[in-house]
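The values are calculated or read from the model by the stated rules, or taken from the named source; none is laboratory data. The model shown is predicted, which means the values in this text are computed figures rather than measured ones. All Cβ positions, glycine included, derive from the backbone under ideal geometry; neighbour counts span all protein chains shown. We work out accessible area using only protein heavy atoms, side chains counted, and drop any ligands, DNA or RNA first. Shrake-Rupley method; radii C 1.70, N 1.55, O 1.52, S 1.80 Å.
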Protein chains: 2
Amino acid sequence: MRVLKFAILGLLEQDKMTGYDIAAAFKGALGQFWSAKHSQIYPELKKLVVEELIAFETVIQGEKLEKKLYSLTAKGTAELMDWIQRVEAVNVSNKDEFMLKTYFIAAMDKQEAQQLFSNQLNSRQRKLEKLEQILTELEAEQKAPIHFSSPEFGHYLVLTRAIEREKGYIQWLERSLALME
Amino acid sequence: MRVLKFAILGLLEQDKMTGYDIAAAFKGALGQFWSAKHSQIYPELKKLVVEELIAFETVIQGEKLEKKLYSLTAKGTAELMDWIQRVEAVNVSNKDEFMLKTYFIAAMDKQEAQQLFSNQLNSRQRKLEKLEQILTELEAEQKAPIHFSSPEFGHYLVLTRAIEREKGYIQWLERSLALME
DNA sequence: TTAAAACATGTAACTAATTACATGTTAAGC
DNA sequence: GCTTAACATGTAATTAGTTACATGTTTTAA
């Protein structure tokens, strides 16, 4: 369904950028819900240029380093807007290897299961801390409270969703551990 | 990383089954966290037979319908146990196309965004209802309260996780809609 | 009895994504 | 001045996953 295509169009709608910048964006909050490696990004950018959804200008960085600054064409903007309004069915299977193991908990003994769950709990707690720190920084940069027209609204929503996702996971892990006592 | 391989080994550890049965299992609660189409399952089963992790016996259903009942070998059980205890890193990017759109909310006008969010809220609420119904049925079948040694413990944990995941998503959608007033 | 839904198994073609291979420049800190 | 991290761009090979093609049997309900 070429979601990466729209991820790239959406990022370019915000700003002109290079393939490297796009890869970097996937390392931020956005990466909690979509990401791609540079080996997938560069070929996709080439494809989008052929399809005339994006265009690039070559910029020299320093002495001789050539980088390609990509931007949306009118056609690209139109396709982005079409996708963004489209109502998609909720995707059923959000793959999660830990939950797959959980389904097979009958194959573990109690200590094993507790070990696995506390370990997961620990990882999730550390992840939550990091996300909360990023949110704190984002909020500190803001003068007024964030609202619909803030340029950071999308970033803020994605971050809060990622944080609450972790909190929910953590609560479930704790309750499951309690059930195993 | 061949997670499907372990999904199949895990299912066969519970019971002998056919490829069709495995596909059916992915339509239940397990499918909330892992699934595969039959076109991926059948080749994987063949591969696992070659690797001697599973074996099958041909069974005749009715007059002449041949079906293959797969079961774990000792080698398959060993590999399953090895995987199940292994501590994996928490996977970062849990892909979610709706959250990708959310990140690009600046490209929407307010009504568009509200429309999209209420629509998603609705779908998620309907999904939650279905999951809660399945849990109610599961609990009704149980005589004693579910605990670690109940054969349905894995199923129960996965279901409660799926339900809480939806509840968290719904709460976030509602709070986000409120922010857009 | 007959039609539809469920059971059952496969392959082919294609798309999506990861890992590995491959190379070079620029900026920052010591 | 030198080293390291970050910036920057690509391709090749492989694996994972989806959609489409292809066929046949058995059970259930009208």
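Quick notes on this structure:
- Positive-end residue of B:Ile41, B:Ile22, B:Leu69, charge dipole of chain B with Cβ unit charges: B:Ile41
- Degrees between helix B:110-141 axis and first principal axis of chain B (Cα, 0 to 90, nearest 10): 40
- For segment A:97-180, the square roots a ≥ b ≥ c of the C-alpha gyration tensor eigenvalues yield an a/c of 1.5 or more together with a/b exceeding b/c, which makes the shape prolate.
- Nearest beta-carbon to the A/B symmetry axis - residue in chain A, distance in Å: A:Gly168, 2
- At 7 Å out from Cα toward Cβ: A:Asp15 inter-copy label distances (nm, ascending): 5.4
- Taking a Cβ cut-off of under 11 Å around B:Leu128, the surrounding Lys, Arg, Asp and Glu residues balance to a net charge of +2, with basic ones at +1 and acidic ones at -1.
- Both radii are taken from the alpha-carbon atoms of segment A:1-150; with Rh as the Kirkwood radius, Rg/Rh is 1.08.
- When the Cα atoms of segment A:3-85 are aligned to their principal axes, the ranges along those axes come out at 43, 29, 20 Å in descending order.
- Listed residue (B:Leu11, B:Met1, A:Gly31) projecting farthest to the positive dipole end of the protein assembly as shown, Cβ model: B:Met1
- GNM remark for chain A: springs join alpha carbons under 10 Å apart, and the peak mean-square fluctuation among A:Gly168, A:Gly31, A:Gly76 falls on A:Gly168.
- Most mobile of B:Gln120, B:Gln61, B:Gln142 in a GNM of chain B (Cα contacts under 10 Å): B:Gln61
- Of the residues making up segment B:29-61, those losing 10 Å² or more of accessible area when the isolated chain is joined by the remaining protein chains, with a 1.4 Å probe, are B:Leu30, B:Gly31, B:Gln32, B:Phe33, B:Trp34, B:Ser35.
- Its Cα gyration tensor gives the protein assembly as shown an equivalent ellipsoid, and the semi-axes of that ellipsoid, as √(5λ) in whole Å with the largest first, are 40, 26, 20.
- Accessible surface, per residue, of the protein assembly as shown when the full set of protein chains is kept, probe 1.4 Å, Å²: 52
- Solvent-accessible area, 1.4 Å probe, carbon plus sulfur percent, for the protein assembly as shown: 52
- Nonlocal Lys pairs with alpha-carbon distance under 24 Å, segment A:97-180 (8 or more apart, or different chains): 6
- 7 Å along Cα→Cβ, label-point gaps from A:Ser118 to other copies, nm, shortest first: 4.9
- If R0 is 41 Å, the Cβ-Cβ spacing of B:Thr58 and A:Lys46 corresponds to a FRET efficiency of close to 0.25.
- Cα long-axis angle, helix A:3-14 against chain A (0 to 90 degrees, to the nearest 10): 60
- C-alpha center-to-center spacing [segment B:17-75, segment A:9-46] in angstrom: 38
- Largest GNM mean-square fluctuation across A:Glu137, A:Glu164, A:Glu13, computed for chain A with C-alpha springs under 10 Å, falls on A:Glu137.
- Between this copy and the others, label points of B:Pro43 are 1.6 nm apart in ascending order, each placed 7 angstrom from Cα in the Cβ direction.
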